[in-house]
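What follows is a set of notes on a single structure, which appears directly below.
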Amino acid sequence: MPTCSSFKKWWKRVTGRRGVENSAKSKAIQDAYPGPGAVTSPTSLRASVELQPSERAAPSTSSTPIQRATTDTLSSVPPASATLQQPDTKGSLWDEALEQLRQTVEDQDIKAAVEEIAKIRTSNVETSDSKSTVKDQARAIKQEIERETKSRRHDSFLTNTVFVLNRFVAVGDVAVSFDPVHAALPWAAVRFVLMTLTAGNELKSRLLNGIASVTSLVLQCHTYQHLYIAPEPKLQPPKDTLSALEASIVQAYARSLLFLSFAIKHKRSRSRIVDTPFRLGDTDEHVKGIIESGDQLARAADNCEKHCNHQNRATVKELLGFAAELRRVAHDQKAFVNQISYKVDQIEQNLHDNDHKTVLNKIPAIVGAAFDSHAEEHNSTCLQDTRVDLLRQISEWAHDPGARAVYWLNGAPGTGKSTISRTVARSFAKSGHLGASFFFKRGEADRSSLSKFFATIAAQLFKKYPAVAPYMKDAIETDPDIFGKAIPEQFEKLILEPLSKTSPGAHAVTTLVIVVDALDECEQDKDIELIVTLFSRAKTLHSPRLRIFVTSRPELPVRLGFQAISDSYHNLVLHEIPKGDVENDLTVFLKREVTRIRNKYNNSVYEYRRLKMDWPEQRDIQELVKMASPLFIYAATVCRILEDHKCGDPDEQLQKVLLPDGMRSQGSQLHELYMFVLQQQLPDQDKKKERVKFLNDFRDIIGSIVVLESPLCIYTLEQLLGIPSRTIGNRLDLFHSVLSVPDSPELPVRLLHLSFRDFLVDSENQKSPFWVDEKAAHARLAAHCLRVMNMRLRSDICGLKQPGTSRLTINSCEVDKSLSAEVQYACRYWVYHVAQAGRRISDSDEVHTFLTRHLLHWIEALSLVGKASESLYSIRNLQSLFIAEASTELSRFLDDTIRFILANLWLIQSYPLQMYSSALVFLPETSILRNKFKSAIPSWISLTPKTETNWNPCRQTLEGHSGWVHAVAFSPDSKLVASASGDETVRIWSADTGEVQQTLEGHSGWVHAVAFSPDSKLVASASHDETVRIWSADTGEVQQTLEGHSGWVHAVAFSPDSKLVASASGDKTVRIWSADTGEVQQTLEGHSSGVHAVAFSPDSKLVASASDDKTVRIWSADTGEVQQTLEGHSGGVHAVAFSPDSKLVASASGDETVRIWSADTGNCVQATTTGYVVSSISFHPRGSHLLTNTGIITINPLDKPGAAINASSPLPFAIPGQSLAGLSSNSRFGIGISPEKNWITLHGNNLLWLPAEFRPCRSAVSGSNVVIGCASGRVIIMGFSENN
């Protein structure tokens, strides 16, 4: 069903496509109705309606519903003796409207309905009294509408329509006499729709009113045709005026036809119950079109009437009166539709607003990260007449279509980067070009990581740009977990895809700017490099253009990120701006600020204390500029010192700053200034007690504030530090020049600039009384956190009582009430402070004691605040801190905790109290946690289930694929797992946590194979869509799409230097490609059947391929020539690999053997029967063993010429292998999978039974780890301890 907007677009196409017969007729139309909706005159599209003999026959049994409805009515009319007049030879205007719709309608359902109406023939009419037929149709329609009117209370327009139909029956003989055949056609369609109309009450009412509008419009058309267009018209206007009337009648018929077809389509859709605003609005839009055509028709008729004033009107008096009545009824209908449309618009707007609110509530955006947030409102922007050239340059960059997508403004600390960012953001916001802004802030957890970065950007885009909202809404509804997915996937699904789907005309602006400030304050170095790489993808957007403005210090991770996208960004180094420009801006800034400070001070004191109006002197300003340059933070801090009256009036403070001995003789500008600020507050040497108390408070309060992971308010600091809020407030009053201390004690205290923290913790300042020992400060905070948690945590802390309560149903206010801010802070960051303190943990210490008492309470609290997954990272962090020889119990406890969290993370996240029931009772019998917290199991569980004795090896089940998993692979560093699936995607997982790192989408067929490059940076995938794709493992972005194969691609491999990619296909060829350019380097032809495997030699000189033709071929990678054809397998060969020294080649076949060949001679030097088909194979780095997807096979060194085996470092589980002479069926050792795929094996012996749902379609082994891809799409990673 076409939407309201699509209807408007369609009608614009219709009115724009009709040709103009001649300039006179075109002018007549413009004179009659010169508006934008004017329709050009009918010309060559008129269809001749000459009746063929076959068309005069009786209707067939296959006639359409409309034809049957017409026949039923006409057959009941007795024949008449009146002679019919033939239609106008130039064809009916009704037929012309039909032809017009045939050429312009695109909706196939609407088009079918139009064609059904078009099949109505006039053969039945010719055997009847046509005038009676038309009148009979009118009577039938009147009766149908009368019947509907009786059941409706307020459809006055339907009553009016009945009235005019009665009048038509009286005067209709005259109205249709000139062309009774074609006059009957619209009525058959109207009656058919009316008789078969079914819908819900509200929608049916709208459709009935639409039919009434069509009826009125058709009546007007008949009347005006008789008056002005009949073969012998009663009135004769000029030709050009008449042409305009014809055009209006064609448009009126076309609008009527479109509505009738729309109603037929609705009937067929069987949407009889749900009266959605979408369909209601759509119906009303059609009715509005009919009314517009009526208005246009009336204007054209009025124009004809003006030109016929002098003609004899006596014979047409009745028809003219009838026309006037029709126009009055149409006027009433117009008012009625406008009223209804207003109501529908209100409903749609309310639904739209509610829908937007619902979506926004799902987006976990950070409230204080935007430039105009409450957290940023007191931070300054550039003063007028400062940074003029720079700001102009940034504006020009943003609006330049040819500019690079990213602008990196970097500078040393204190050079004014954030001030510029706020100014840029404010400027673009005013012009409507700001898409979003994000100001990173170290020390504020949510603002110092990427966890909610793109969610915050998405939320701002959603609110600012309605055009992107529906696509973003679809992304969120399609994948509700998108905000927990890998960062590249969030960027793709929430930002790039929604923006790329919007139509060019949907944006009021052509450029959107995203402002990102202080990127260097993002804590994870890898995240910084990742986000810079993602930013470079903004260049792919053209409508709207996406520009990203980034500021940061020139730290190494940021520099590395930008080096990787060297062709995608514009760079400006702030501290390299000419000194004169900087000093000019500093002068402007200082003059305005000191003027403001002077006026503020003078207004607050008596006249005798006021400063002179010329304060400060120009030379003082110049000296301050000299001291500050190029650091704006220095100038801003000086101004805050002058404004703080606790140590003197502004002039006294200024003189102290300007005195040569007012600063340290050594150190940076900022450090000297910060030392001056602090020394002013320090009591004199002779006040020892006050001095000691001051320094202790400074250490405990200020020292804690500068190392907090997230800023806290005074009330929360009181509870966390155990210091009265009055004391905290008094001390903070002294430091307004370096700290942001809000008036309310409920708002967080923040650093004004990160450089103050750097100054306090700088190890070069250890002799300073203000030096903050960072590790000691973290140790104190860790102790405070443990104290708070020991005191406050308990089971069911929110009093939920119902164990099945979903976290999503818990009111956040109740959570905050039960878990106060200091408790939430302690739960989230206690491990961080322990680690930063450099502490080592051991058995029975305070950390171990806390965990054995409150582990479950702590995880419950994290779950309630939506941070359950942080427990896993915290425990892993603790595992790196214990003292091995003194932490036996703690080590086992933490290991068991990791297994517990991995097995139950989803459950804990979703239903916090289930941790005490389901999560505990299904733990293995020997689980440390099960036995330690047995008393926490609810008493309502009277019989606990029988569980496994020990933990099984399955550490994590990876779920996400919706189709079979065809291939799995470990990255060379074993940190990642890639899986290829029949759902046409590749997924990259963390082998450690099981989290999805990337979802690679783009193939249009099953993905059959996947491989990592040796440096783990790239992933190649081979698909049934006959292509190979190369992806970035970090970002998930497609680097190359390799096209050329004419069959499914079965295998893919990287060369050792990652520069080449080889692919094996069902088209019997191997292709070698450049990974950088995607160009084919060689096409290797020679196999007589599909190729299933391919491998490079370690020196990249050779390529081996394995085929269904039972052979392995060795090729020169440089020339593409065959070096060896290895024959001996009796079945298709499925896997192939080179030894580390490139001298041996191993192959695995469907004949259930693995063979080792000499690459030089082509001789088979060893063969092993496996009893099953091996699907993947590789050599151990030392060349002493073969690693397969189901286990490890030894290589006999005696049969490996020139091989050097280091016996001093044997592999685990090693057993001897067999030579070709002594073919063995039991040469497998280590961890593997049984031939039947129902056992994990050790040394070929059954070790662990795999239930049916966990059996592999594909598998891979890496050391003591196994990854299994299942038919369900599940990926399972298991680990085994070699010591156990």
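The values are calculated or read from the model by the stated rules, or taken from the named source; none is laboratory data. Because the structure is predicted, anything quoted here is derived from the model rather than measured. Please note: Cβ atoms are built from the backbone with ideal geometry, for glycine as well, and neighbour counts cover all protein chains shown. With ligands, DNA and RNA removed, areas are computed over all heavy atoms of the protein, side chains included. Shrake-Rupley method; radii C 1.70, N 1.55, O 1.52, S 1.80 Å.
Odds and ends about this structure:
- Length gained when the stretch Arg787-Ala564 is fully extended (0.36 nm per residue, less Cα-Cα span): 75.6 nm
- Over the stretch 742-843, the alpha carbon radius of gyration divided by the compact-protein estimate 2.2 N^0.38 Å works out to 1.43.
- Taking trypsin sites (Lys or Arg not before Pro) across the stretch 705-768, the ones in a DSSP loop with at most 16 further Cβ atoms lying within 10 angstrom of their Cβ are Lys767.
- Charge-dipole axis of the stretch 1023-1116 as Lys and Arg at +1 and Asp and Glu at -1 on Cβ define it, positive-most pick from Phe1054, Ala1104, Ala1075: Ala1104
- Solvent-free Debye calculation, one equal scatterer per alpha-carbon of the stretch 381-520: log10 I(q)/I(0) at 0.09, 0.10, 0.21 Å⁻¹ equals -0.30, -0.37, -1.39.
- Rg and Dmax of the stretch 472-574, based on Cα coordinates, read 14.8, 43 Å.
- Note that the stretch 596-745 shows a convex hull volume over its alpha carbon atoms of 151 Å³ per residue.
- The candidates Lys867, Lys501, arranged from most to least accessible area with a 1.4 Å probe in the full protein assembly, appear as Lys501, Lys867.
- Residue list for the stretch 701-721, given a label point 7 angstrom along the Cα-to-Cβ vector of His736 and an amide N cut-off under 18 Å: 714
- Average accessible surface for the stretch 682-784: 47 Å² per residue, computed with a 1.4 Å probe over protein heavy atoms with every protein chain in place.
- Estimated at 0.36 nm per residue, the fully extended path between Val388 and Lys430 surpasses their Cα-Cα distance by 13.4 nm.
- Mean Cβ neighbour count within 10 Å, used as a protection proxy, ranking 1112-1118, 428-434 highest first: 1112-1118, 428-434
- Arg640 sits with roughly 60 Å² accessible to a 1.4 Å probe, with DNA, RNA and ligands left out of the calculation.
- Gap separating the Cα centres of the stretch 669-737 and the stretch 530-564, nearest whole Å: 39
- Globularity index of the stretch 1083-1181, i.e. its alpha-carbon radius of gyration over 2.2 N^0.38 Å: 0.95
- Dividing the convex hull volume of the alpha-carbon atoms in the stretch 774-930 by its residue count gives 98 Å³ per residue.
- Cα-based convex hull volume of the stretch 673-798 per residue, rounded to whole Å³: 118
- Cα pair distances in the stretch 1123-1195, grouped into 5 Å bins until the bin that holds the longest one, percent each: 3, 19, 33, 26, 15, 3, 0
- With DNA, RNA and ligands ignored, accessible area of Ser927 (1.4 Å probe; Å², nearest 10): 0
- Flagged links, alpha-carbon separation over 26 Å, of Lys417/Lys1017; Lys867/Lys932; Lys417/Lys626; Lys452/Lys493; Lys111/Lys239; Lys464/Lys501: Lys417/Lys1017; Lys111/Lys239
- Cα-centre dipole for the stretch 991-1131 with unit charges at Cβ (Lys and Arg positive, Asp and Glu negative), debye to 20: 320
- Based on protein heavy atoms only, the stretch 365-463 ends up with 37 Å² per residue of surface accessible to a 1.4 Å probe.
- With a Förster radius of 45 Å applied to the C-beta separation of Arg1182 and Ser543, the computed FRET efficiency comes to 0.20.
- For the stretch 575-672, the list of chymotrypsin sites (Phe, Trp or Tyr not before Pro) that fall in a loop by DSSP and count at most 14 other C-beta atoms within 10 angstrom reads Tyr606.
- Note on Lys539: accessible area is roughly 110 Å² with a 1.4 Å probe, heavy atoms of protein only.
- Per-selection Kirkwood Rh - the stretch 535-588 (Cα, Å, 1 d.p.): 13.6
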